[in-house]
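Novice: Before we start, here is the structure in question, set down as structure tokens.
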């Protein structure tokens, strides 16, 4: 009998059905992946399972009993727990307090000893034996916070754990911790629904996978019976002949030279030479300094020092304006926080850095700007009709394209710095972004990107620089490094130079 | 977290956030119009004139406040004192002639407020705290300079501001000009667009290479200039003044900005909306006055209106994740 099942569920918003006749059943001890592009209906399905939305048609059943999940609280009472992408742990409270926060079992006066003992046991079970109960959550990494959140759900006797892209912002080591915790849950007979963009994880950790596309359930398969290609084909509705675009050597002279870059306290004496028409990937986990290097080169870090030159022209660090003056542009990993003006429309975002060229005596040439925006939208593949939509109504992929579009269209191609260019972007849009990156290369841009996604690094890079704790571990040309080697480099480098 | 959002979500399930906001706005606008037109004496030249004059003073300050709100700096509590101080400077320098006095007062307001903008932009100082400090400084400096006495005009010429051009009071002409220039700056100039971007997302603005200090300073300078124009109009209206002259205008201005529909969190706003906000509040006040409500009750009702507008905004601005 299934622990949690939905049958024939349809959900409409206005005239659009975002879920159409979806049925799936989750068994005890099953780890089920739910895959689909952005907008496929994954989060709507989760919201129905957790009582945030009521389905328009169809039924939800728990332990074989059809019922209505009234509210998120009701879902919790039924043992359905959501570990959200944005965590709900108050950072100032201790791990112990967070685990028991809001729990119905906690009496007005804490029986501290008993609560501590149970919290301890739960944490140990999840591989957090080294974590002291009184540590404030703010001191923990994102990955550990997720484990604490899982611990909280466990103490509430949850039986179904829904994880919404838990690994989107985690490093590989942390991901392995989460996986270990999930295996523990499975061994105890708990069920897991695992939503992810990363196809590798589906095969690593999940027993079965359900694929949604445009609100319809394409199918549910045991992961042992399908391969990556089949899964991708199910998600996209077409076979993706190649995720990563064909590659030709277009390198043509060093464009960016970095010598002895220091960003206290993380990055020490980092050197880099990147050529025009190439993609250089800084591969590293969170804390490796890869992201920090690019932020420093973009002029965004106050304490950075070092010698940087672009096409022989020295560039001053610590100033965005100075970096832009030598045509060094930056695309942030934090689209909402640092990349886009979410309240402005898509067109205004595209032209955000081009105002100076298109105004006379401080007055904007609005007609000209509109046509520039339309041109840029076409260049990066954003639908022209979306130009007037606020940026926050666009999907992650389209938002990333806006961030790209902002920096192109200049007559002289420069250096493009990108941090995690495909974070939170679904598979389909991801391939498009890779194609764009390659296209910029062909136009003569020098691209330096930092990524913690090894597959992406191997697929895109002409030159790979692996990083660990603020230092370069090794440098490879395309084809000189494989996944195992790179993973070893960025997790525990033994052959560090 | 999400549990708390349930009632809002239920309201929004019926309409969309935007349609809901629009519907409420239309209904409220219609209600106010009916209420006003059915009030005896509302459409008389006398009351329309009084209305136009009244909105001119607070209106100039409100357009100025729009710039501060637009750049994400919420509001300034010093604009009222800036109104008073510019009024006093205008009156005192009238001996030089009306136009020079006007320019001196405007320059004073611009510089004094731009300085606050620089502090906010360069040091990322809390805008409210900076404005409280500026308020204190202005009051102190004025008390020192005037010795606590009222200031009377140092020369002739203020009659010009009390007159009318055709059917429209000169006061209102100045106000409308302020609105038009303000709107032009916000939506047609590069600086206006930069202000919007800084207000929408300051970190993204930094990453895009926008000079935040310059942008915020210019926004505050605009605010100061607008407040000073309001000060000159007020000085001319009352013929003399002290630091009490503009007291409370900062609150009325922010009320108008919010009622007009400019988001308090920055990144959106227009002088048109502020104009509408000013008119709505003034019409309600005039109607209440004509219908014989006491002044205390007028304050109370205005307060309630502002509060409900803010509630309406939170409904519209928070989208579900």
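Novice: Would the stretch A:1-43 count as rounded, prolate or oblate if I go by the C-alpha gyration tensor, calling it rounded below 1.5 in a/c and otherwise prolate when a/b exceeds b/c, oblate otherwise?
Specialist: oblate
Novice: In whole angstrom, how far apart do the alpha carbon centroids of the stretch B:73-92 and the stretch A:323-359 sit?
Specialist: 36
Novice: So for the pair residue B:238, residue B:152, with labels modelled 7 Å out along Cα→Cβ, what separation do we get in nm?
Specialist: With each label placed 7 Å out from Cα toward Cβ, I get 1.6 nm.
Novice: A further question follows. Counting pairs of alpha carbon atoms under 8 Å apart in space and at least six apart in sequence, what relative contact order in percent does the stretch B:145-279 give?
Specialist: 30
Novice: Quick one: helix A:142-155 against the long Cα principal axis of chain A, what's the angle to the nearest 10°, folded into 0 to 90?
Specialist: 10
Novice: Moving on. Could you tell me which of rounded, prolate or oblate describes the stretch A:86-208, using a ≥ b ≥ c as the square roots of the eigenvalues of the alpha-carbon gyration tensor, with rounded for a/c under 1.5 and, failing that, prolate when a/b is larger than b/c and oblate otherwise?
Specialist: prolate
Novice: Please report the projected area of the stretch A:254-491's Cα convex hull averaged over all directions, in nm².
Specialist: Seen from a random direction, the Cα hull of the stretch A:254-491 projects 12.4 nm² on average.
Novice: Pairs of alpha-carbon atoms within less than 8 angstrom and 6+ residues apart define the contacts here; what relative contact order does the stretch A:290-380 have, in percent?
Specialist: Relative contact order here is 17 percent.
Novice: Before anything else, pin down the relative contact order of chain A: Cα pairs under 8 Å, at least 6 apart, normalised by residue count, whole percent.
Specialist: Result for chain A is 15 percent.
Novice: Further, regarding this structure: Report, as a whole number in µm² per second, the diffusion coefficient that Stokes-Einstein gives for the stretch A:415-497 at 20 °C and 1.002 mPa s using the Kirkwood radius over alpha carbon pairs.
Specialist: Using the Kirkwood radius from Cα pairs, D works out to 158 µm²/s.
Novice: Ranked by Cβ crowding within 10 angstrom, fewest neighbours first, how are B:272, A:407 ordered?
Specialist: B:272, A:407
Novice: For a test of the definition: using alpha carbon positions, the gyration tensor, and the 1.5 limit on a/c, classify chain B as rounded, prolate or oblate.
Specialist: Verdict is oblate for chain B.
Novice: Where does helix A:112-125 land angle-wise versus the long Cα axis of chain A, in degrees 0 to 90, nearest 10?
Specialist: Tilt of helix A:112-125: around 60 degrees.
Novice: Taking only the alpha-carbon positions of the stretch A:280-331 and ignoring solvent, what does the Debye formula give for the base-10 log of I(q)/I(0) at q = 0.18, 0.19 Å⁻¹?
Specialist: -0.56, -0.62
Novice: Shifting gears a bit: So what's the Cα pair-distance distribution over the stretch B:185-291, bin width 5 Å, in %?
Specialist: 2, 11, 16, 20, 18, 14, 9, 6, 3, 1, 0
Novice: Order by neighbour count: A:340, B:290, A:163, fewest other Cβ atoms within 10 Å first, most last.
Specialist: So the ranking, lowest neighbour count to highest, is B:290, A:163, A:340.
Novice: Ranking A:42, A:125, A:259 by Cβ neighbours within 10 Å, fewest first, what do you get?
Specialist: A:259, A:125, A:42
Novice: Can you give the log10 of the normalised intensity I(q)/I(0) at q = 0.07, 0.11 Å⁻¹, computed with Debye over equal Cα scatterers of the protein assembly as shown?
Specialist: For the requested q values the scattering log ratios are -0.66, -1.30.
Novice: Distance between the C-alpha centers of the stretch B:233-255 and the stretch A:248-299? Whole Å please.
Specialist: 57
Novice: Further question: Distance between the C-alpha centers of the stretch B:190-218 and the stretch A:53-77? Whole Å please.
Specialist: Measuring centre to centre over Cα atoms gives 47 Å.
Novice: Å³ per residue of the Cα convex hull, for the stretch A:4-236?
Specialist: Enclosed volume per residue, from the Cα hull, is 125 Å³.
Bear in mind these aren't lab numbers, they're just calculated from the coordinates by the rules spelled out. Note that the structure is a prediction, hence the values are computed from the model and not measured. FYI the Cβ positions are ideal-geometry reconstructions off the backbone, even for glycines, and counts take in every protein chain you see.
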